[in-house]
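Engineer: Sharing a structure below in structure tokens format, with a few things to ask.
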Amino acid sequence: MPPPPPAVADVVRWIIGRPENQSDQARQDLKDVCGRCPEIAEACRLARGFATILRRRDGHRLADWLAQADASQVKEIRIFANGLRRDLAAVTAGLTLPLNSGAVEGNVTRIKLLKRQHYGRAGFDLLRRRILLAH
């Protein structure tokens with residue numbers, strides 16, 4: 001009786017995880033799955049290629065990756081690539097520049113929290129005062 005197929009969550013973890021941080025067994029299991037299904041092998045190759053671009057901030061390599069994604073037989077990869085193209089300049093900048101909007105997003109989250117705490121009980125003046133004094 002053949003062993004049961006691996007769980008989808010395990011396969012996803014094997015694909016998106018850094019190969020150097022995976023056990024030998026996980027690497028072998030992914031190799032076995034990729035050997036049985038060429039579409040998974042292709043998705044794995046493209047996902048890891050994109051992850052490398054992301055980690056190394058190699059935005060200049062994005063055009064090559066998009067060309068590979070367009071030639072892919074995996075529909076989901078092509079859809080993802082088309083989504084990236086919708087704002088290619090911003091995606092390229094995000095994959096190239098060391099800047100990010102983390103500080104702005106943190107402040108927005110803080111303000112939303114303050115607003116929710118006063119929902120329906122305070123007007124704009126009190127909310128404004130609370131935001132300005134909340135440091």
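Engineer: With (1) part of a helix (DSSP H, G or I); (2) closer than 30 Å to I131 by Cβ as the list, and W14 as the residue in question, which single condition is left unmet?
Structural biologist: Every condition holds for W14 apart from (2).
Engineer: Among the residues of the stretch 77-135 satisfying the criterion of being surrounded by 12 or more Cβ atoms within 10 Å (Cβ to Cβ) and in a loop (DSSP other than H, G, I, E, B), which is nearest to the chain's Cα centre (by Cα)?
Structural biologist: Out of the qualifying residues, it is L95.
Engineer: Further, regarding this structure: With the requirement that a residue be closer than 15 Å to T96 by Cα and either modelled with pLDDT under 90 or β-branched (V, I, T) (or both), what does the stretch 17-54 give you?
Structural biologist: The first filter runs over the stretch 17-54 and keeps only residues closer than 15 Å to T96 by Cα, leaving 50-54.
Residues satisfying the conditions are T52, I53.
A quick yes/no check of all residues on (1) surrounded by 12 or more Cβ atoms within 10 Å (Cβ to Cβ); (2) under 27 Å from L66 (Cβ atoms); (3) outside the structural domain of W65 (by TED's automatic domain parsing); (4) out of contact with any Cys (no Cβ under 9 Å at 6 or more places or on another chain):
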position: I15; (1), (2), (3), (4): yes, yes, no, no
position: R18; (1), (2), (3), (4): no, yes, no, yes
position: S23; (1), (2), (3), (4): no, no, no, yes
position: A26; (1), (2), (3), (4): yes, no, no, yes
position: L30; (1), (2), (3), (4): yes, yes, no, no
position: C34; (1), (2), (3), (4): yes, yes, no, no
position: I40; (1), (2), (3), (4): yes, yes, no, no
position: R45; (1), (2), (3), (4): yes, yes, no, no
position: R48; (1), (2), (3), (4): yes, yes, no, yes
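Engineer: For the structure I just gave you, tell me whether L62 is surrounded by 12 or more Cβ atoms within 10 Å (Cβ to Cβ), modelled with pLDDT of 95 or more and over 30 Å from L132 (Cβ atoms).
Structural biologist: Yes, satisfied.
The values are calculated or read from the model by the stated rules, or taken from the named source; none is laboratory data. As the structure is a computational prediction, the values presented were derived from the model and not from experiment. In this analysis, Cβ positions are derived from the backbone assuming ideal geometry, glycine residues included, and neighbour counts consider all displayed protein chains.
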